[in-house]
Each structure stands twice: as C-alpha cells, then as structure tokens.
Amino acid sequence: MNTPWYKEPIAWLVFFLPFSTVVASIATYIIANTNPDTLVVGEYYKEGKSINLQVSKVKLAQKLGMRFSLQMTKNNLLIKPTGIEKIFPVLNISFHHPTLENKDFSLALTPDGNGFFRHHFENDVSGKWHITLTPFQKHWKIQSTIYLEKSSLEQNHIIDLIPDPVQAH
C-alpha cells in the first residue's frame, strides 16, 4: 500500500492549514495598512486645551441667544435664525460624518432677502452628522448631532439648533 503523498487527503489538510493562515495574515496586513485609523489624536493635551476654547464659544452663543432652525426637504437645506433678529453676512456650516472623514464638508452660506440661508445638495446627505454653525468672525458657535433619514427628507423635517456646552467638542 504505497501510494504517493499527493493522493493522501491528510497530506493536503496538513499543507492547507498553514497556507491559509499565511494568506489570511497577508490579507490582514494589507487591510490594516490601506485603512489607517484617523480617530486617534496624538497631541491630546493641546486638543484638550482647544476643547475648553470651543466650550467658551458655545457659551457665548448661548449668552447671545443664538438659535437656528434647520429644515431639510429632499436635497434642499434652509436655515432660519430664530433666536436673534440680526442679519449675518455669512454663516459657516460644517458637516462632519461620525466615522468617514472623506464625507466631511463645509458650506459658507449668504442670506437671501428674508435673512434665511439656503443650499441645494447634489448628493444624498442622509445619515448621522455632527454639524457646527459659526459666523464669519467665528467668535461663537453652535454644535449639534442630527439624523437625516431618507423618510424624513421627503417631508418638511425641522431641527432646532440651540447652543449646548455639553455637545461642544
């Protein structure tokens, strides 16, 4: 009963297990190097000091009575100042995706004749977003986390943006 080694199923099992481990480890190495983690902050002390500055900007917005309502209908954005009767020359709004940095974007909006800020999106913006509203001088800011679901974008979905120091980051 001398059969060649390549006709034995046990021999193939012995070769296959280490080979599959080598292939899996190479695949893991490639995945780990092509998708680096961008969420870790190296300068954590400086980042912590800047958070305190950001909180003071949110507290200033709270003190000034800044409030806005954000309305999304399909791909149209409408922002109305509701807390103060002041006309802003430019309103900066930043959309930050919680996990995908390449989806982040910022807008600089100018008011229309009624003092409202409008924008039409070409792409779908549904999902969870961290948004930041600041004036041109950036002396105050409002931050909030919003959820834009496709079903709510079909209707008039209104979100109140109120300065909250707890959400400052």
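See the values below:
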{"quantity": "Rounded FRET efficiency, nearest 0.05, which uses the C-beta distance separating residue 112 from residue 145 and R0 of 22 Å", "calculated": "0.25"}
{"quantity": "Two-site FRET efficiency, residue 64 against residue 120, from Cβ-Cβ distance with R₀ of 35 Å, rounded to 0.05", "calculated": "0.75"}
{"quantity": "Computed E for residue 104/residue 30 - FRET, C-beta separation, R0 30 angstrom, nearest 0.05", "calculated": "0.70"}
{"quantity": "Peptides 59-71, 20-32, 115-127, 136-148 ordered by average Cβ neighbours within 10 Å, highest first", "calculated": "59-71, 136-148, 115-127, 20-32"}
{"quantity": "Pairs beyond 20 Å (Cα-Cα), from 59/86; 59/103; 86/141; 59/128; 59/141; 63/128", "calculated": "59/103; 59/128; 63/128"}
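Throughout, read-outs are computed from the coordinates displayed, never taken from laboratory work. Bear in mind the structure is a predicted one, so any value in this text is a computation, not a measurement. With ideal geometry, Cβ positions are generated from the backbone for all residues, glycine too; neighbour counts draw on all protein chains shown.
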